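Notes for the one structure printed next.
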Amino acid sequence: MKYVAGIDVGSTYTKVVLLSPDNEIMGKDILPTGFKLTEVSRKVFDNVLLSSGLSEDDIGYIIATGYGRHRVDYCDLTVTDLTSTARGSNLLFPGTMTVLDIGGQTMKASRLDENVKVKSFRLNDKCAAGTGAFLEKTARYMGYDTEEIGPLVLTSKETVPISGVCAVFAESEVINQLSLGSAPSDIMYGAMSSLVKRAIQLLKRVKMEPNVTLSGGIMRFPSMIKLLEDQLEDGILNVPEGDLVQFTTAVGAATLALQRMKVIVTAGVSNVCDISPSNKDKLKSDGWEKQFTCSEPRLSEAIDLFKSLRREVHLEPLIEQDKPMGSNCDACYMSCSDEMKTIWTRKLNN
């Protein structure tokens with residue numbers, strides 16, 4: 001069986017992870033996203049193939065995720081970052097029930113069920129103060145680069161309060177604190193504390209459960225982890241080792257790609273293709289009957305069942321017009337529509 005790839009096109013960095021059929025990470029790479037999303041996703045993909053000694057022919061399935069996932073024109077499927085991060089967290093730390101992901105553009109907290117489905121999630125308000133960009137901007141105001149945030153905070157002697165209500169107003173606070181003689185390290189620590197308070201609020205809103213896994217580039221700073229541990233009641237957090245904390249979402253996309261490839265190979269199911277409401281008539285005219293919409297693990301179970309009944313199986317992505325219960329499906333459609341599939345079957349020709 002071939003390898004698979006997960007591509008996470010984030011607002012700040014684009015990450016790629018290659019997985020073997022045995023769920024082993026064979027390679028990973030990361031590059032700044034910039035503004036040419038299609039080009040950078042291809043470049044980082046080619047880089048990881050080269051470093052892994054593989055060719056594109058060795059890759060059997062590719063899933064793209066992240067805010068720029070729809071710009072990856074060579075992928076087989078796109079999946080939301082909420083779903084991918086949940087799967088990646090569970091692969092790295094089986095039994096994960098809550099995920100906190102802080103990226104450059106958003107902060108997300110999600111609670112998972114026993115099947116690793118997103119049961120509840122909350123996003124930060126539409127403001128940079130709730131994201132990694134808040135820390136980056138605060139550092140930039142004081143003349144520091146992003147990579148200097150961690151070492152700078154470690155030298156802090158006391159916390160300088162930074163409200164974090166607005167990233168724009170925070171600049172005024174930083175300038176004011178510098179004029180008062182506050183140390184840059186203490187100001188940076190105050191900004192990080194403000195970010196942690198917002199994260200704790202999100203976790204409480206999703207009714208977090210023990211076994212919390214952290215994700216996102218900002219989590220590579222030990223001070224960030226320590227602040228979170230101090231403010232959480234049980235203080236036990238799962239943190240991927242080294243730079244892997246930045247690759248959790250890409251790992252999840254690769255995990256889903258492997259799962260999807262195995263379904264296609266072992267069940268002989270036709271691949272997913274684009275569909276519009278008008279294409280339904282074409283399917284019906286070709287003898288296909290629409291059954292129902294579901295996701296893993298029920299999807300694989302349903303495929304096996306229909307094949308045992310001598311039915312040919314075809315899968316289509318869920319489209320908004322097909323939400324089974326209309327507006328009542330909005331939350332699930334937003335969080336996991338990319339992995340929901342509508343099953344179509346028809347009788348096998350003897």
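The values are calculated or read from the model by the stated rules, or taken from the named source; none is laboratory data. Remember, predicted model here, so these are calculated numbers, not experimental data. FYI the Cβ positions are ideal-geometry reconstructions off the backbone, even for glycines, and counts take in every protein chain you see.
Note on the range 86-102: among residues that are in contact with a Pro (Cβ under 9 Å, 6 or more places away or on another chain) and assigned to a helix (DSSP H, G or I), the one that is surrounded by the fewest Cβ atoms within 10 Å (Cβ to Cβ) is L92. Put simply, of T213, T131 the only residue that is in contact with a strand residue (DSSP E or B) (Cβ under 6 Å, 6 or more places away or on another chain), at pLDDT below 80 and of a type in the set (S, T, N, Q) is T131.
Only one of the numbered conditions (1) over 17 Å from the mean Cα position of the chain (by Cα); (2) in contact (Cβ under 8 Å) with a residue 12 or more places away in the chain; (3) farther than 20 Å from M219 by Cβ is not met by S55, and that is (2).
Scanning the range 58-85 for residues that are among the hydrophobic types (A, V, I, L, M, F, W, C) and either surrounded by 24 or more Cβ atoms within 10 Å (Cβ to Cβ) or touching a residue at least 60 places away in the same chain (Cβ under 8 Å) (or both) yields I62, I63, A64, V72, C75, L77, V79, L82.
For the range 18-25, indicate whether the set of residues that are among the β-branched types (V, I, T), assigned by TED's automatic domain parsing to the domain that holds A254 and out of contact with any Lys or Arg (no Cβ under 7 Å at 6 or more places or on another chain) is non-empty.
yes
With (1) at positive phi; (2) in contact with a Cys (Cβ under 8 Å, 6 or more places away or on another chain) as the list, and G66 as the residue in question, which single condition is left unmet? Single failed check for G66: (2). Note on the range 271-310: among residues that are within 11 Å of I343 (Cα to Cα), in a loop (DSSP other than H, G, I, E, B) and not aliphatic (A, V, I, L, M), the one that is modelled with the lowest pLDDT is S295.
The rows are residues; the columns are (1) assigned to a loop (DSSP other than H, G, I, E, B); (2) under 19 Å from the mean Cα position of the chain (by Cα); (3) modelled with pLDDT under 80.
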site: A109; (1), (2), (3): no, yes, no
site: F121; (1), (2), (3): no, yes, no
site: L135; (1), (2), (3): no, no, no
site: I162; (1), (2), (3): yes, no, yes
site: Q177; (1), (2), (3): no, no, no
site: I187; (1), (2), (3): no, no, no
site: A191; (1), (2), (3): no, no, no
site: L203; (1), (2), (3): no, yes, no
site: M208; (1), (2), (3): yes, yes, no
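Quick one: would you say L31 is surrounded by fewer than 24 Cβ atoms within 10 Å (Cβ to Cβ) and farther than 20 Å from V245 by Cβ? The answer is no for L31.
For the condition closer than 17 Å to G132 by Cα and of a type in the set (K, R), K2 does not qualify.
Condition (residue is in the same structural domain as K108 (by TED's automatic domain parsing), over 17 Å from T106 (Cβ atoms) and small (G, A, S)) applied to the range 204-220: is it met by at least one residue? No, the conditions are met nowhere in the range 204-220.
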